[in-house]
Amino acid sequence: MGKIKRDRDSARTIWILVGVAVTVFCIVFFSARGRFAAPISSEAVITILAPFQRAASWLGDCVQNVTANVWDILTVHEQNKMLRNEVEQLRAQNVKAEEYAAENVRLRELLDYKNLATQFDLVVARVIGRESSTWTRMIVVDRGTQHGVKKNMPVVTARGLVGVVVDAGPISSKVELILDPRSSAGALDQRSRVAGLVKGNPDDAMVPKLVDVPRNDDITEGDIIVTSGFGGIYPKGIIIGKVRLVKNDSGGLLQYALIEPAVDFRRLEDVSIIVNSREAPPEPLPKRNNGLGAGAPNNKSGGAK
């Protein structure tokens, strides 16, 4: 064992001496290179050092490539982060632009209606709330007594009748919709001039009824129903909706019609309140020869507004 160890130590010493000799030779050679020409020696040194130079060059290129790739990755990551932020900002701006465009369309419709309905003084209001338990019956708008709004003022859109103000506060008001079963509005069939009452339907909140119509009166599917003007609340001629279906009442003497409202109450966002009307009162309805008596329609379910 001792001999083997001594042999290893000797071999290690020899390699160290060789390394030192090569190093000294290289130092002396490069120091004296400028003083005399030794092409043979220079070629030998170049040949010896060439593998080391190639290795050093390769290592330098690798380090440079890795550094460049790392820098590119960091730059791309930062650019992606900036682009994501820009995309989010553009999405938010796009949503705002679409909201402004939709609002512009709604307000333009109300403005066109205001220009056409010159007999009315209108106050534009925005829907700011609905009663959660009865959202098909009542809405809250952002106009009140400070804006000239009072109780019993009609509420409309460019498409048709919405309801009536039932409570006016200083800066907001409650509006009872025509979908509410407690509400009623005097109505006419625009084609046949048949009169009746439009009331909310407890069986289908989105489809009000035209009731108190004698069975023999002329009313058919597709007819347009408008306000009659009777009752002192709603002016005459405001569109309520279109007849969807006509049915006979259980009593046998009357019929009723299901009305498809002209207003989309699910998407109601902006309305107009009629604060003043310069419209003349409606003419009295002609007498009927239907066995139920003459004059206004039978109001078993309440008076018209």
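The values are calculated or read from the model by the stated rules, or taken from the named source; none is laboratory data. Since this is a predicted model, take the numbers as computed values, not measurements. Cβ: placed from backbone, ideal geometry, glycine included. Neighbour counts: every protein chain shown.
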Practice task
Please give the number of the condition Asp218 fails out of (1) surrounded by 15 or more Cβ atoms within 10 Å (Cβ to Cβ); (2) at pLDDT below 95.
Solution key: (1)
Practice task
Could you please tell me which pairs satisfy a Cβ distance under 9 Å, a separation of 6+ or placement on different chains, a first residue in segment 141-153 that is free of Cβ contacts under 8 Å to residues at least 24 places away in the same chain, and a second residue that is in a strand (DSSP E or B) and small (Gly, Ala, Ser)?
Solution key: Lys151/Ala168; Lys151/Ser173
Completion exercise
Of the residues in segment 232-253 that are of a type outside the set (Val, Ile, Thr) and under 18 Å from Gly200 (Cβ atoms), the one that is surrounded by the most Cβ atoms within 10 Å (Cβ to Cβ) is Tyr234
Exercise for the section: Give, as residue ranges, the strands (runs of 3 or more DSSP E) completely inside segment 118-212 that count at least 3 residues that are in contact with a Pro (Cβ under 7 Å, 6 or more places away or on another chain) and among the aliphatic types (A, V, I, L, M). Expected result: 195-199
Problem - Counted residues, segment 206-215 - those being over 14 Å from Ser228 (Cβ atoms) and out of contact with any helix residue (DSSP H, G or I) (no Cβ under 9 Å at 6 or more places or on another chain) - result: 5
Practice task
Tell me, yes or no, whether segment 77-85 has at least one residue that is within 24 Å of Ala205 (Cβ to Cβ), within 23 Å of the chain's Cα centre (by Cα) and exposed (fewer than 11 other Cβ atoms within 10 Å of the Cβ).
Solution key: no
Practice task
Tally the residues that are of a type outside the set (Asp, Glu) and out of contact with any Lys or Arg (no Cβ under 8 Å at 6 or more places or on another chain), restricting the search to segment 192-204.
Solution key: 7
Fill in the blank from the handout: Within segment 257-278, the residues that are within 29 Å of the chain's Cα centre (by Cα) and not in a strand (DSSP E or B) are Ala262, Val263, Asp264, Phe265, Arg266, Arg267, Leu268, Glu269
Exercise for the section: Please work out if Ala50 is more than 30 Å from Asp270 (Cα to Cα) and at pLDDT below 75. Expected result: yes
Handout entry: Unmet requirement for Lys174, which otherwise passes all of (1) modelled with pLDDT of 90 or more; (2) under 23 Å from the mean Cα position of the chain (by Cα)
Key = (2)
